Amino acid sequence: MHASTEFGYNSKIEGDAIHTRVDAALNWFRKNSLWPMPMGLACCAIELMATGASRFDISRFGMEVMRFSPRQSDVMIVAGTVTYKMALAVKRIYDQMAEPKWVIAMGACASTGGMYRSYAVLQGVDNIIPVDVYVAGCPPRPEALLDALIKLQGKVAREPVLKELVITSRKKALSIPEKPAEVPPALS
Amino acid sequence: MPALDQANQLIAQFGDLLSAPTEFRGEVTLVVNDSERIAEVCAFAKNSLGFDYLVDISSVDNYGDDPRWTVVYELYGISHGQYLRLKTNVSEEKSELPTVTAVWRTADWHEREIYDMMGIRFRGHPDLRRILMWEGYPYFPLRKDFPLAGKPSEMPDVAFSKPAPIEGGPFVAAPGGKDAIEREPRVRTPED
């Protein structure tokens, strides 16, 4: 069936409508209102605040809503040095975020441990949580963080949302057991 | 030199307990020969000489020398504006000092940091526990025999630690090279 712009709908009478796929629509909604959870641990947090301020407005992308509650946020921006002492707290907060969730490792310390190759610093937050975008810099400029957020928006746009929903519901219909999510002992 | 005057007053009070004052660039240092009496010396310094501000307590690991630890007290008097430094040596077998928390309350956290990083205990401390690393961490990181990269440790539900990848050595900058490429921090072998 060829793609056609003719469909039984008269925009002059009923107003504007957009013809699209559910996946594209859901992803568009999600990517244009990604609410960050700022895990601002060190100096990168200052640049994160600068990105949220008026000069490098993060509100242009709908992300000015910095929800400090993991239940209400979509993307965790790990900005700063993750020490081993803090690592459990970061993991707990990540586990408490609701799906779908993404992680941005902002700066050198969150990506790989940065200049702190020492006994106290976790060498990269990707040792404990899955990271979607890494931002290089010490600290990265606000423009670099915005670039990373735009790349994350691109990743969100490509997610096969409906396909996964369909697969999950078909599994349920056929009674295929889901693998239960691992509950870390600290939370059980 | 006013700080020297106060150092001499301390020596007048305590006699042989203190060494002769050394001076370097205007900074006066006294060595307390018996580490057990450091609290007395500090109390006198605060109450009679007006050193009411403890700037810092730090510790030095003289790895290979005996006594192994040197603990350095930096004092300052807000009213007279003079600095004084008191040093005391502690041997490794003892690894213990009386606390000066009763003299200056700020010594609480400084002594906790020394306990955390070096393992020197403070007798009479109100709450001697680790302050930077987590409780139960098995090592003392700033000792000279502890590697910079760290050692693996595991405390389920609290924290874990793994050795960091040092990739051939600490990255060291070499000052005074003719351009930035020569000076940049990288692994340097001793013949460089």
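Miscellaneous remarks
- Share antiparallel - DSSP beta bridges, the stretch A:1-130, percent rounded to 5: 10 percent
- Shielded residues, the stretch A:82-105 - accessible-area loss of 30 Å² or more between chain alone and all protein chains, probe 1.4 Å: A:Y84, A:K85, A:L88
- Here r is the Cβ-Cβ distance between B:A149 and A:K12 and R0 is 51 Å; the resulting FRET efficiency, rounded to 0.05, is 0.10.
- Share of carbon and sulfur in the accessible heavy-atom surface of the protein assembly as shown [1.4 Å probe, %]: 55 percent
- Dipole size of the stretch A:68-123 about its Cα centre, with +1 on Lys/Arg Cβ and -1 on Asp/Glu Cβ: approximately 180 debye, rounded to the nearest 20.
- Long pairs among B:K151/B:K178; A:K101/A:K172; A:K91/B:K151; A:K91/A:K163, criterion Cα-Cα beyond 26 Å: B:K151/B:K178; A:K91/A:K163
- Cβ-defined net charge surrounding B:D145, 13 Å radius [Lys, Arg +1; Asp, Glu -1]: +2
- Solvent exposure ordering (accessible area, 1.4 Å, most first) of B:S48, A:S111: B:S48, A:S111
- Listed residue (A:H19, B:A180, B:Y137) projecting farthest to the positive dipole end of the protein assembly as shown, Cβ model: A:H19
- Distance between the stretch B:120-142 and the stretch B:1-58 - C-alpha centres, whole angstrom: 27 Å
- Heavy atoms of chains A and B lose about 1400 Å² of accessible surface on contact, summed over both sides with a 1.4 Å probe.
- Accessible area (Å², per residue) of chain A, counting only protein heavy atoms and a probe of 1.4 Å: 60 Å²
- Percentage relative contact order, chain A, counting C-alpha pairs under 8 Å, at least six apart: 21 percent
- Candidates per trypsin sites (Lys or Arg not before Pro) in the stretch B:73-109, loop by DSSP, up to 13 other Cβ within 10 Å: B:R105
- Distance between modelled label sites at B:N47 and B:V158, nm, 7 Å Cα→Cβ extension: 3.9 nm
- Local electrostatic count at A:K101 - Lys and Arg +1, Asp and Glu -1, tallied over other residues with Cβ under 14 Å: +2
- About its Cα centre, the dipole of chain A is roughly 360 debye, where the only charges are +1 on Lys and Arg Cβ and -1 on Asp and Glu Cβ.
- Within the stretch B:94-192, antiparallel bridges make up roughly 60 percent of the DSSP beta bridges whose residues both belong there.
- Computed Kirkwood radius, in angstrom, where 1/r is averaged over Cα pairs of chain A: 18.6 Å
- Degrees, to the nearest 10: A:161-173 long Cα axis against longest axis of chain A: 80 degrees
- Interface burial in the stretch A:116-137 reaches 20 Å² or more for A:R117, A:S118, A:Y119, A:Q123, comparing the full protein assembly with the chain by itself; accessible area from heavy atoms with a 1.4 Å probe.
- Bridge type composition, the protein assembly as shown - antiparallel percent by DSSP, nearest 5: 55 percent
- For B:G168, neighbours were defined as the other residues whose beta-carbon sits under 12 Å from its Cβ, and their charges (Lys and Arg +1, Asp and Glu -1) total +2.
- Every helix of 4 or more DSSP H residues in the protein assembly as shown counts as -39500 (n - 2.57), and over all residues that averages to -8500 deg cm²/dmol at 222 nm.
- Shielding value for B:138-148 is 1, the average number of Cβ atoms from other chains within 10 Å of each residue's Cβ.
- Contour minus Cα-Cα distance for B:R186 and B:S91 (0.36 nm per residue): 30.5 nm
- Counting only Cβ charges, +1 for Lys and Arg and -1 for Asp and Glu, the dipole size of the stretch B:113-192 around its Cα centre is about 280 debye.
The values are calculated or read from the model by the stated rules, or taken from the named source; none is laboratory data. Note that this is a predicted model, so its numbers are computed, not measured. When we count neighbours, we look across all protein chains shown, and the Cβ atoms used for this are built from the backbone with ideal geometry, even at glycine. The accessibility values were calculated without ligands, DNA or RNA, using every heavy atom of the protein model including side chains. Shrake-Rupley method; radii C 1.70, N 1.55, O 1.52, S 1.80 Å.
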